[in-house]
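Report on one structure; see the data block that follows.
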Amino acid sequence: MDFPSGLSYSKTHEWIQDIGGGAARIGITDYAQNELGDIVFVNLPETGDEASKGERIADVESVKAVSDIISPLSGVVKAVNKDVADNPESMNADPYGAWLIEISDISDHEELLSAEDYRAFCEEEG
Amino acid sequence: MSGQASTGENEKRTPLYGSHVSLGGRMVPFAGYLLPVQYSGVIAEHMAVRARAGLFDVSHMGEVLLTGKDALANLQMLLSNDFRGMPDGRVRYSLMCNESGGVVDDLVVYRYGDEKYLLVVNAANRGKDVAWIRERLSGSVTMEDISDDIAQIALQGPASDAILRKLAPASGIPEKYYTFVDDVAVGGIKCLVSQTGYTGEKGYEFYLSNADAPLLWEKLLDAGADFGLVPAGLGARDTLRLEAGMPLYGHEMDDGVTPFEADLAFGVKMGKDGFIGKAALTGHENPQRKRAGLKITGKGIARGNETVYVDGEAVGRTTSGTHCPFLGYPVAMALIDQSGAQTGTAAEVDVRGRRIAAEVVPIPFYKRVKR
């Protein structure tokens, strides 16, 4: 399982990449995609939507079930990745390349973990 | 991400538990058992069954023996199908109805002889079924729940024939759909073999003693290696049966849904003498609501228990739905008002507050090409 060191992680299994200027990209982690299994649909927010930390920002459907993506950040949706919406299986194949949402005007965030701490957190979850 | 499945500790293990774990199966609780939901992935396993073959542990299924000179009379009373004139070695699907015409369970009946029948019932309903039958048996008949002693393995897919032929004599391979041969040596292991399944593909099911199950599982996987046989889990079992339009108890039918509503009239013989539920079903052969197929044409995936709309009016609810890996689009089955059930009708499904477009289509969604 992959835990790239340049990223931050939430306890609800999203990764966060600081892209500067008070903005960040989020996606789901390798652990998350592996737990979900084959992903076949993602429902993304609209550009301009408000993101609130700890609340649902998107949802992904695997063959088996639906899961909410929890926003680790509060801010404004600046962009969504339409390529991933068209090819949701890319979240399985390349979870850290397949960013979902870009959030700007970040005003608050959930507790974020380093790669090392997130790895330990996943190991505890089994 | 949220909504993780928990791993139960109170569930029973099938005799193949160790085989699943060593093959990397992801174990989940299901109907009181720990079973693999997937090994490599639901889509890969699903596609393998459609193109080649898959091997399933279905040992959770319940097996109930009915023996005695009044066994047939009791079946006739308990079940909606007609078992008179059924040849030995045949398998027949039936509903077991309650007095209101709702479905207690759907099951298959194996006929060994005039005085011996095997009923294969849904794992989740086993206790309910056994109690239901016991309270209603009359005359010279004995019921025995042998589920805990019997393992069941399903080999499904177009390559299943070739794989089985490597392990069993020709005389031990049931030639026709819904027939079986008992006491077959499959790789030297004694089994009942039937040509049955729950995937929409040609396939076989093996019933055998728990102790022999891991060895048969291994022999089948070995024999199938050259044919692309893969172990397959509950996830693929569900997507395969849904794509093939096959009903699942607790979804397409239950105690409050009649066989006619579930579009299972082929398993009900209204012409036979009084079976439980017949009185309530009489005159309701064409119910107001009926099972229909939906192809999801909008963006999203319908699951079960979601409201279906036609022209903005609620016409019923989905009973199950998923993304179909072979077809490449999502489908659902729904129990909807007949007025909205015509093929081609434009519909919508409310998926967690979002209405997504759908179209009424015939069931099955997928039908195999016979070869």
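The values are calculated or read from the model by the stated rules, or taken from the named source; none is laboratory data. Just so it is clear, the structure is predicted and the values come from calculations on it, not from any experiment. Reconstructed Cβ throughout: ideal geometry from the backbone, glycine too, with neighbour counts over all protein chains shown.
Checking every residue in segment A:55-75 against the condition of being aliphatic (A, V, I, L, M), modelled with pLDDT of 95 or more and over 12 Å from the mean Cα position of the chain (by Cα) gives zero matches. The single residue among B:TYR366, B:TYR329 that is more than 13 Å from chain A (Cβ to nearest Cβ) and at pLDDT 95 or above turns out to be B:TYR366. If you take the residues of segment A:1-25 that are among the β-branched types (Val, Ile, Thr) and more than 11 Å from chain B (Cβ to nearest Cβ), which of them is farthest from B:GLY24 (Cα to Cα)? Checked segment A:1-25; the qualifying residue farthest from B:GLY24 (Cα to Cα) is A:ILE19.
Highlighted here are the strands (runs of 3 or more DSSP E) found entirely within segment B:223-319 that include at least 2 residues which are surrounded by fewer than 24 Cβ atoms within 10 Å (Cβ to Cβ): B:289-296, B:307-310.
A quick yes/no check of all residues on (1) in contact with a helix residue (DSSP H, G or I) (Cβ under 6 Å, 6 or more places away or on another chain); (2) under 28 Å from B:LYS12 (Cβ atoms):
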position: B:ARG134; (1), (2): no, yes
position: B:ALA151; (1), (2): yes, yes
position: B:ALA168; (1), (2): no, no
position: B:PRO174; (1), (2): no, no
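The residues of segment B:94-119 that are more than 16 Å from B:TYR249 (Cα to Cα), in contact (Cβ under 8 Å) with a residue 40 or more places away in the chain and touching a strand residue (DSSP E or B) at 6+ places or on another chain (Cβ under 9 Å), listed by number, are B:TYR110, B:TYR112, B:GLU115, B:LYS116, B:TYR117, B:LEU118.
Okay, residues lined up against (1) of a type in the set (A, V, I, L, M, F, W, C); (2) closer than 21 Å to B:LEU55 by Cα; (3) crowded, with 17+ Cβ neighbours inside 10 Å:
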site: B:VAL120; (1), (2), (3): yes, yes, yes
site: B:ALA123; (1), (2), (3): yes, yes, yes
site: B:LYS128; (1), (2), (3): no, no, no
site: B:ALA131; (1), (2), (3): yes, no, no
site: B:GLU135; (1), (2), (3): no, no, no
site: B:GLU144; (1), (2), (3): no, no, no
site: B:SER147; (1), (2), (3): no, yes, yes
site: B:ILE150; (1), (2), (3): yes, yes, yes
site: B:ALA154; (1), (2), (3): yes, yes, yes
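Restricting the first member to segment A:96-125 and to residues that are among the charged types (D, E, K, R), and the second to residues that are in a helix (DSSP H, G or I) and modelled with pLDDT of 95 or more, the beta-carbon pairs closer than 9 Å and six or more apart or on different chains are A:ARG119/A:TYR31; A:GLU125/A:TYR31. When restricted to residues that are touching a Ser or Thr at 6+ places or on another chain (Cβ under 7 Å) and surrounded by fewer than 19 Cβ atoms within 10 Å (Cβ to Cβ), segment B:34-59 contains 0. Whenever a residue of segment B:128-157 is in the same structural domain as B:ALA73 (by TED's automatic domain parsing) and more than 28 Å from B:ALA211 (Cβ to Cβ), its partners that are of a type in the set (Lys, Arg) and not in a helix (DSSP H, G or I), lying with C-beta atoms within less than 6 angstrom and at least six residues away or across chains, give the pairs B:SER140/B:LYS69.
With respect to the stated conditions, A:ASP86 is free of Cβ contacts under 8 Å to residues at least 12 places away in the same chain, surrounded by fewer than 18 Cβ atoms within 10 Å (Cβ to Cβ) and within 11 Å of chain B (Cβ to nearest Cβ).
For segment A:8-62, filtering for residues that are in a strand (DSSP E or B) and among the hydroxyl-bearing types (Ser, Thr, Tyr) leaves 4.
Across segment A:43-71, the qualifying residues are those that are more than 9 Å from chain B (Cβ to nearest Cβ) and acidic (Asp, Glu), and the one among them that is surrounded by the fewest Cβ atoms within 10 Å (Cβ to Cβ) is A:GLU46. Listed by position, the strands (runs of 3 or more DSSP E) contained in segment B:20-65 that have at least 2 residues being within 14 Å of chain A (Cβ to nearest Cβ) and touching a strand residue (DSSP E or B) at 6+ places or on another chain (Cβ under 9 Å) are B:26-30, B:33-38.
Taken over segment A:11-42, the residue count meeting the criterion of being touching a strand residue (DSSP E or B) at 6+ places or on another chain (Cβ under 6 Å), buried (at least 22 other Cβ atoms within 10 Å of the Cβ) and polar (S, T, N, Q) is 1.
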